[in-house]
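Report on one structure; see the data block that follows.
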Amino acid sequence: MLNYTVDAEGIATLEWDYPGKSQNILNHASLTTFVEACRMALADTSVRGLLICSAKKDFIAGGDLAELAGVTDAAAFHAAIVAWRGFMRSLELGGKPVAAALNGSTLGGGMELALAFHYRVAADNPKARFGFPEVTLGLLPGAGGTQRLPRLIGMQAAAPLLMEGKRITAAEALKIGMIHAVVPAGEERHTARKWILDAIASGVRPLQPWDVKGFKIPGGGPGTPHGMQMFMAANAMLRAKTFDNYPAPKHILSCIYEGLATDFDTGLAIEARYFTNLVISPVSKNMIRSLFFGMQDANKLASRPAGVVQQKYTKIGMLGAGMMGAGIAMSTATAGIAVVLLDTTQEAAEMGKAYARAQWSKQVQKGRMTADAMEALLARIHPTADYAELKGCELVIEAVFEQREIKAAVTQQAEAVIAADAIFASNTSTLPITGLADASVRPANFIGLHFFSPAEKMPLVEIIVGKATSDATLARAMDFVRAIAKTPIVVNDSRGFYTSRVFGTYVAEGMALLEEGVPPALIDKAGLIAGMPVGPLALADEISIELVHKIGQQTKADLGAAFVERAADRIAAKMVVDLGRLGRKSGAGFYDYPADGSKYLWPGLARHFPARVPAGTQSAGAGDTAIPTVDEIIERLILVQSVETARCLEEKVLRAPIDADVGAILGWGYPPFRGGPVGWLHTLGLPAAVAALDRLAAKHGSRFAAPTILRDMAASGERFYA
Ligand code: NAD
């Protein structure tokens, strides 16, 4: 855990070396060991200074999230923080110089620990990053970070680092004064030792700036005119951005404001309370589960079928050089894999490559990529109209028009050329994979790889397993998704699979609200307040109301008598067929899109979908004629997604709850503070969730009816997550 040595000059070296992990992390066990070693060094009269360093490639990666996620006892946790805080103060005030040699990344609790030392020198290591990423998981730097950093570098410089979780380089950390020096890699321990020896020789008691008499906060404190202005603006901006859905950045702001208005030790006490509040909050639990552990497992391919040799990819085929095909080709080329980009004509295929060039040129212009690097990427994309060029591809993905006959034809043409064990994947967004596999001579090698638009940017791939798809094909497809640095979730075949199906309910609920006479501005604003990135009507415009209409028509044709018409089907038909408003692409949807300005809600909506009660007369509880409150709208927009997700679990479209949550966050920007559609049911508690669904179903219909899986789990006290 920790290697402790004392040299002839009385310098104790405490070298972090967490056993069995590639990174040093802070948890009860490692901190206890560290505290004991420091106490020993402080008490030992032969020790004159302390050098803290790491045996790993990085210094300290941060706190142990599994341990934090398991905290439920606020009082016990708070007591532990107070004890830890006391120890850090004893180190700062212990009279012996303490220096850190930061050989690599120093993040979160690791950076906070380093701030409690008198001196920090970092190696000039281009991979090393420094900062406080806690906020990205709903937490705050609770080991003194919100108090030490602003007292060290000023509130203005500290606030964005603490509130946004940005990771900076050693050079940037030096520039703002977060560390004292950067030296060539390998010299950092030597430099730290030298500083300790100089400090001893100076005879001056080592102290932190805030412990020196007459200390002033650099740039002034919260009570100065400048400080007051900063907090007013920051608070307003935060509220506008997050609608107070995320308590962490707000608590960080409060820690700075309240903590810097008082003495240092009281500031630490304030921070400890805000930190405890966040650690036990459902928001941080949700964010840690979905964004950290869920994402980590997905990227590690935790659900990959065992016993299949990992597939290496050198050449893949991309059928269709349209928007999706070009984007997928870009991601593939970026991963160092050659792509045969095929379309109906050489010219059409070249257009796909031209799209890639246009996108990458923007990166070159911004200085994020060199022109040579771009040419190297482009050289991996081979546009063609000749199927013979697919020879040797380990995988072929089709992204041609969304028509069964065309997809069947390209499947057969490709399979005639590629090896018998190659995989064929469809990027269809709506057509069931099992049906498409009918065109294949080897359906066991046929799978769905559903990318999101723009494919070169979006991180999720929904892998769809058809009835005949083999485990080996699934495993090898997952290898491809990882090879191109995207995150996979695996689902079983069904109409709309998982993502389109659940995401579609959000859009449809927004349209149902419109039909009920709820003002459109209220509907879309409620979507944003709910935490969704875009309101449901604006989103319908983006994906195109025409697509909503087409999917509805297709579903009707496929289901026949079993088809149940929804408000969204009626509204989409009216918008597209009667009013010719197809969405953003036609410049006219629920919004108008003037060529020379920002979009605004189409004034005609008021005529075609009259508001139930004139705006301004909203009164809660006024019976059925009242416009629903914002909270009521939010509940519907969020629970409609959760209930559909529960159905996907019940029908085994989803294989695991966490796939639903990771897929929703990465696929359509579902708000992480809720955990995901399943995470939100878990947050509410299943009995409360079922009660809410019963109430909504009674009022709005069967789309809110709680599926049996939820009722059974609620009744038996079972939970989706621990
Ligand atoms: P697109 O119209 O931009 O591109 C389709 C391309 O396929 C065109 O370049 C066309 O020339 C080519 N093509 C048509 N027939 C062909 C054939 N027989 N052989 C070779 N090429 C042929 O469409 P897109 O948006 O890229 O969508 C493609 C597929 O991806 C569809 O199945 C769609 O449902 C799916 N998808 C789209 C999105 C999206 O947001 N656009 C998201 C996920 C999945």
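Got at least one residue in the range 437-445 being farther than 20 Å from Gln412 by Cβ and either within 16 Å of the ligand (Cβ to nearest atom) or at pLDDT 95 or above (or both)? Break it down into steps so the answer makes sense when it comes.
Going residue by residue through the range 437-445, those that are farther than 20 Å from Gln412 by Cβ are none.
No, because not a single residue in the range 437-445 is farther than 20 Å from Gln412 by Cβ and either within 16 Å of the ligand (Cβ to nearest atom) or at pLDDT 95 or above (or both).
Scanning the range 492-521 for residues that are surrounded by 19 or more Cβ atoms within 10 Å (Cβ to Cβ), of a type in the set (A, V, I, L, M, F, W, C) and more than 26 Å from the chain's Cα centre (by Cα) yields Met511, Ala512, Leu513, Leu514, Val518. Glu405 fulfils the conditions (1) closer than 26 Å to Thr555 by Cα; (2) in contact (Cβ under 8 Å) with a residue 24 or more places away in the chain except for a single criterion, (2). Taking (1) within 16 Å of the ligand (Cβ to nearest atom); (2) within 21 Å of Pro454 (Cα to Cα); (3) assigned to a helix (DSSP H, G or I) in turn, His549 satisfies each apart from (2).
Number of residues in the range 54-90 that are of a type outside the set (D, E, K, R) and either under 19 Å from Leu14 (Cα atoms) or in contact with a Pro (Cβ under 7 Å, 6 or more places away or on another chain) (or both) equals 11.
Would you confirm whether or not the range 582-594 contains a residue that is farther than 24 Å from Thr430 by Cβ and surrounded by fewer than 14 Cβ atoms within 10 Å (Cβ to Cβ)? If you could, list the steps in order and put the result at the bottom.
Our first condition is that a residue be farther than 24 Å from Thr430 by Cβ; within the range 582-594, this holds for 587-588, 591-594.
Imposing the further condition that a residue be surrounded by fewer than 14 Cβ atoms within 10 Å (Cβ to Cβ) reduces the set to 594.
Within the range 582-594, one or more residues are farther than 24 Å from Thr430 by Cβ and surrounded by fewer than 14 Cβ atoms within 10 Å (Cβ to Cβ).
Being under 19 Å from Gly448 (Cα atoms), surrounded by 15 or more Cβ atoms within 10 Å (Cβ to Cβ), within 8 Å of the ligand (Cβ to nearest atom) and not basic (Lys, Arg): is that true of Val410 here? Spelling it out, Val410 is indeed under 19 Å from Gly448 (Cα atoms), surrounded by 15 or more Cβ atoms within 10 Å (Cβ to Cβ), within 8 Å of the ligand (Cβ to nearest atom) and not basic (Lys, Arg). The single condition among (1) at pLDDT 95 or above; (2) among the β-branched types (Val, Ile, Thr); (3) within 14 Å of the ligand (Cβ to nearest atom); (4) within 30 Å of Asp592 (Cα to Cα) that Thr430 does not meet is (1).
Inspect the range 386-396 for any residue being free of Cβ contacts under 8 Å to residues at least 40 places away in the same chain, of a type in the set (Phe, Trp, Tyr) and within 16 Å of the ligand (Cβ to nearest atom) and give the result as yes or no. No, the range 386-396 contains no residue that is free of Cβ contacts under 8 Å to residues at least 40 places away in the same chain, of a type in the set (Phe, Trp, Tyr) and within 16 Å of the ligand (Cβ to nearest atom).
With respect to the conditions (1) away from the ligand (no atom under 14 Å from the Cβ); (2) among the aliphatic types (A, V, I, L, M); (3) not in a helix (DSSP H, G or I), Val400 falls short on a single one, namely (1). In the range 419-436, the residues that are among the hydroxyl-bearing types (Ser, Thr, Tyr) reach residues that are within 16 Å of the ligand (Cβ to nearest atom) with C-beta atoms within less than 6 angstrom, at least six apart or across chains, in these pairs: Ser426/Glu398; Ser426/Leu436; Ser426/Gly448; Ser429/Ser500; Thr434/Gly466; Thr434/Asp493. Pairing residues of the range 341-360 that are free of Cβ contacts under 8 Å to residues at least 12 places away in the same chain with residues that are assigned to a loop (DSSP other than H, G, I, E, B) and within 10 Å of the ligand (Cβ to nearest atom), at Cβ distances under 9 Å and at least 6 apart in sequence or on separate chains, gives Glu347/Ala385. Determine, yes or no, whether Gly142 is of a type outside the set (Ser, Thr, Tyr) and over 19 Å from Ala234 (Cβ atoms). The answer is yes for Gly142. Screening Met323 with (1) within 16 Å of the ligand (Cβ to nearest atom); (2) buried (at least 24 other Cβ atoms within 10 Å of the Cβ) gives one miss only, at (2).
Check the range 702-711 and report whether any residue there is within 25 Å of Ser284 (Cα to Cα) and part of a loop (DSSP other than H, G, I, E, B).
There is no residue in the range 702-711 that is within 25 Å of Ser284 (Cα to Cα) and part of a loop (DSSP other than H, G, I, E, B).
I need the full set of residues from the range 660-670 which are under 11 Å from Pro533 (Cα atoms) and either of a type in the set (S, T, N, Q) or buried (at least 24 other Cβ atoms within 10 Å of the Cβ) (or both), in order please. Working first, answer last.
Of all residues in the range 660-670, those under 11 Å from Pro533 (Cα atoms) come to 665, 668-670.
Passing the criteria: Ile665, Tyr670.
Within the range 196-234, the set of residues being within 16 Å of Glu92 (Cα to Cα) and either charged (D, E, K, R) or outside any loop (DSSP other than H, G, I, E, B) (or both) comprises Ile196, Ala199, Ile200, Arg205, Pro209, Trp210, Asp211, Lys213. Examine the range 95-117 for a residue that is aromatic (Phe, Trp, Tyr), within 18 Å of Lys194 (Cα to Cα) and modelled with pLDDT of 95 or more, and state whether such a residue exists. The answer is yes; a qualifying residue exists.
The values are calculated or read from the model by the stated rules, or taken from the named source; none is laboratory data. Source: prediction; values computed, not measured. Note that we place each Cβ from the backbone using ideal geometry, even for glycine, and neighbour counts take in every protein chain shown.
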